[in-house]
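Heads up: the structure comes next, in structure tokens.
The values are calculated or read from the model by the stated rules, or taken from the named source; none is laboratory data. As the structure is a prediction and not an experimental result, all values here were calculated from the model. So basically every Cβ, Gly included, is an ideal-geometry build from the backbone, and we count neighbours across all protein chains shown.
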Amino acid sequence: MNKDVKSRLEQAIREADERSQITFRQIHAVEPEVANAFAPVAEAARELEDYMRSIQGIEFTISPASVSIRLGDLELWVTYDPRSKKFVGEESAHSWYDSVRYADRYEWSSAEECTDALIRFCAQYYRMARAINQAASRG
């Protein structure tokens, strides 16, 4: 790979990481406070995953401290931030129109609010996956 292209790629990756909440994702040890606060959201995510198994293309990753839901390059990630005492999330994707990666960030004050948001996101992902699968079966 050309050194200029490689260095530009590395710079673009660093910039994308900076725009993301990547530092939350790099936390490896799960603090008991985080696991306890996040437990209701993780349990709801397991129920949502069970329901949504019937639709191809949606992937769940559930851990004691976070949930990630992917559909293609669209990803929702939620966790609990012990510093702010809030549930936080990020939905990121790649814009095919202008080739820019974007991320929208969210905050919720309770596990119930976070779970409600997770349900709404899952409904959107379900509808998108269903449309993609229907279009693919016609093609």
Could you tell me whether Leu48 is at pLDDT 80 or above, farther than 22 Å from Glu113 by Cβ and surrounded by 10 or more Cβ atoms within 10 Å (Cβ to Cβ)?
no
Out of everything in the stretch 100-128 that is in contact with a helix residue (DSSP H, G or I) (Cβ under 9 Å, 6 or more places away or on another chain) and at pLDDT below 95, what residue ends up being farthest from Thr79 (Cα to Cα)?
Arg101
Which residues, taken from the stretch 56-71, are out of contact with any strand residue (DSSP E or B) (no Cβ under 7 Å at 6 or more places or on another chain) and without any contact (Cβ under 8 Å) to a residue 60 or more places away in the chain?
Ile62, Ser63, Pro64
Selection over the stretch 104-132 where residues are outside any helix (DSSP H, G or I) and surrounded by 15 or more Cβ atoms within 10 Å (Cβ to Cβ) yields a count of 2
Regarding the stretch 73-96, can at least one residue be identified that is out of contact with any Leu (no Cβ under 9 Å at 6 or more places or on another chain), assigned to a helix (DSSP H, G or I), farther than 29 Å from Pro32 by Cα and of a type in the set (D, E, K, R)?
no
Ala37, sole failed condition from (1) closer than 23 Å to Asp104 by Cβ; (2) modelled with pLDDT under 95:
(2)
Cross-chain or 6+ apart pairs with Cβ under 8 Å, the stretch 79-100 first and closer than 20 Å to Gln124 by Cβ, then outside any strand (DSSP E or B) and among the hydroxyl-bearing types (Ser, Thr, Tyr):
Phe87/Ser109; Phe87/Ser110; Glu90/Ser20; Ser92/Ser20
Exception for Arg127 within (1) free of Cβ contacts under 8 Å to residues at least 60 places away in the same chain; (2) out of contact with any Ser or Thr (no Cβ under 9 Å at 6 or more places or on another chain); (3) closer than 29 Å to Leu9 by Cβ falls at (3)
